[in-house]
1. Taking the Cα centre as origin and putting +1 on Lys and Arg beta-carbons and -1 on Asp and Glu beta-carbons, what dipole magnitude results for segment 75-218, to the nearest 20 debye?
2. Return the Rg/Rh ratio of segment 75-218 with Cα-based radii and a Kirkwood Rh.
3. Alpha carbon centre of segment 114-168 versus segment 7-85: separation in Å?
4. Counting alpha carbon pairs within less than 8 Å and at least 6 residues apart, what relative contact order, in whole percent, applies to segment 75-218?
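Where a number appears in this text, it was derived from the coordinates with a stated rule and is not lab data. Computed from a predicted structure; not experimentally measured. Please note: Cβ atoms are built from the backbone with ideal geometry, for glycine as well, and neighbour counts cover all protein chains shown.
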Amino acid sequence: MLNDGHNTSLQYAANWTQSFLTPLLANEQFMNRTLILLTYDESATYPMPNHIVSLLLGGAVPSNKKGTTDDTMYTHYSIISTLENNWELPNLGRYDVGANVFQVVADQTGYSNHVPSDATSVNNSLSYGGFLNNDPKKYLPIPAPNLQLVGAGGQGVDASVHNYWNKAESELTPYDGSGTLYDGGNGVSDPNAPVYKSQAPGPNVTSTATGSSPTKGSAASRTLVLDNRIAGLGMLLSMVLVALLAV
């Protein structure tokens, strides 16, 4: 709660981050297959609603990408979709499907990202109704996943999700795999709230460099391999260490 800046300040969190990362970044063996994502949970710059800065560091960043910026539209769900794409994993049947993959990974796997149709209008500072809303008028039960989705890993919904939700396959769901962003509108009305629809396959937002679906045999040649992961989760500052194999 101190080091992540929640109960302190940006300067306090930055000082801790520098002290923690500096020796790791100097360790060539540790950094050889490591990608570090340094990001925030949220911002307090309300004219730019929850647009946050994220940094990718480590040996997995190609030389030609160092010092550059990436204007691809990402959300926190992109962390999950990147891992799924990275290791050709099944998906969760929720907003992980359709979330853009980190371009530094997509370039190596042949995945094609896309721009959400409403990227310029969404206000990420305001929440729509849901399970954790304490306003009875805005409370909604946890929606069923869309069991027909195929994610960035080229796989369907994970078997454990299927097993838990298999009796809910006829329920309406807001998860359509489109990557559309939702928000709570202006705090009074919420025209951008999720739309519940019948479960169905999502749009084709996954692709490979060859135009074919990833295969088990191709994984060894291009999969980015996880060795270590350390997560510091807080209200303001989040850091994830993922070890990657450069292709």
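1. Charge dipole of segment 75-218: 180 debye, to the nearest 20.
2. Rg/Rh: 0.99.
3. 25
4. Relative contact order for segment 75-218 comes out at 31 percent.
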